[in-house]
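Notes follow once the structure below has been shown.
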Amino acid sequence: MSVGACSLMDKTIITYLQEPIKKQFGLSDAELGLMSGGAFALFFAISGLPMGYVADRVNRRNLIAGCLAAWSALTASVGLAQSFAQLLLARMGVGIGEAGGGPSAMSMVADLFPERRRATALGVYSLATPIGAIGAFLIVSNVLAAYGWRGTLFVAGAPAILLVPLLLLTVREPVRSRAGPAEAAPSFGETLRFAASQRSLRHLVAAITLTQMTMNGIGIWSMSYFIRIHQIDLGQIGPVLGFAYPIPAIIGTFAGGAIADRLALRDVRWRAWVPAIGALVCVPVTATLVLAHEWPTTLVMWGLFGLTGPIWSGPGYSLNVSLVAPRMRATQTAMLLLPINIVGFGLAPMIVGALSDAFTPMFGSDGLRYAMLAIGLVNLWAALHFAQAARGLRADLARVADQSL
């Protein structure tokens, strides 16, 4: 979880730095979205598939340690950029470095916990997202004013100096459950064919990708929204913003996994129904958040967005690794992260930026408001796919049990 938090922090700290970077390089909102999301996401996704394939065959802990060292160094290198092109290249490098973390980590967690506890365990692992957000805020709030956006990125890359040896000294590579030796791992083609044959898994991947469009489309543009629309002073209100989202997100992330595990004892389909309900509830919360004109209402909705938005994490990631055989888990996680990062993290911020540019002649600074509203409605589509994933879930899980014996 700590390594995951470092990953999230290094990936998203750029959110806090968009406005000073935009000013220094004279970027449009579309270029800003490409730099903050698209450049990272494309190379993360491309690198994720080979990283996942390797993780199903090698020591996953060591792979995570190497990737952690690489992406942290590359995060610091973003602060050295002297042009927009160099910004893009550096962000691409961060994406390549981070690609090996998630697939390896989720595969390890799946081997450490039985299915009945897996949503809770992966909910705990998913706490990396709000904890990483808090870490990003703490660095920005203590470094940005004194050392600028470049110094902030240098500091963001520093935690790996402690985390890499801590990981190597305290975490052991778990035994892969119900799996043979490394050479028995299925080929990429076999994994792809089996995953594609699982109807529940296809809908699950679509649902998680779509809900990530809302989470990242809103999240990456949130600081720009607060500054432009509500004219907040980050120096004064920053401490409130820095915790108003992550603290509720910690509650929502953990609760989603724990509730799904509890309800799944009655009916396993609750592992998909819980994320569906969370995505539906998040839609009116998002709409109120971006359309509110009063700052107190906006702040409350920002907290509720943090509470409802990540409910899917524990049960969603749990189903992702449960719907394939043990030696397929890291590869399947990489295949899940491919659309999540290309569409959810890469395309969504670019869509919001492009819509904001298009709406600005009509609505002025409110163009960003309506662009964020459009991306928020995508969660309706996500909820539909989560509900569809519940259909046939029992049969698909039974197929995995038969294939793993």
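Read-outs: derived from the displayed coordinates by stated rules, not from any lab. All values reported here derive from a predicted model rather than from experimental measurement. Virtual Cβ from ideal backbone geometry, glycine too; neighbours counted across all protein chains shown.
The table for this structure:
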| item | result |
| --- | --- |
| Three-way shape label, the stretch 30-82, alpha-carbon gyration tensor, a/c 1.5 | oblate |
| Cα centroid of the stretch 315-386 to Cα centroid of the stretch 135-158, whole Å | 27 Å |
| Taking the C-alpha atoms of the stretch 256-297, convex hull volume expressed per residue in Å³ | 67 Å³ |
| Label-to-label distance, nm, for residues given as residue 192 and residue 230 (7 Å Cα→Cβ offset) | 4.5 nm |
| Tilt relative to the chain, helix 378-390 - C-alpha long axis, 0 to 90 degrees, to 10 | 10 degrees |
| Neighbour-count ranking [beta-carbon atoms within 10 angstrom, fewest first] of 308, 298 | 298, 308 |
| Charge sum, other residues only, whose C-beta stays under 11 Å from residue 320's C-beta, Lys/Arg counted +1 and Asp/Glu -1 | +3 |
| Pairs of alpha carbons in the chain whose separation is greater than 32 Å (percent) | 30 percent |
| Stokes-Einstein translational diffusion, the stretch 109-212 - Kirkwood Rh over all Cα pairs, 1.306 mPa s, 10 °C, in µm²/s | 89 µm²/s |
| Taking the C-alpha atoms of the stretch 317-394, convex hull volume expressed per residue in Å³ | 85 Å³ |
| Added length on full extension, which subtracts the Cα-Cα distance from 0.36 nm per residue, residue 142 to residue 162 | 5.2 nm |
| Potential lengthening between residue 265 and residue 362 on full extension [0.36 nm per residue; Cα-Cα distance subtracted] | 29.7 nm |
| Tail weight of P(r) past 27 Å, computed on alpha-carbon pairs of the stretch 252-405, percent | 33 percent |
| For the stretch 184-342, average projected area of the Cα convex hull in nm² | 10.5 nm² |
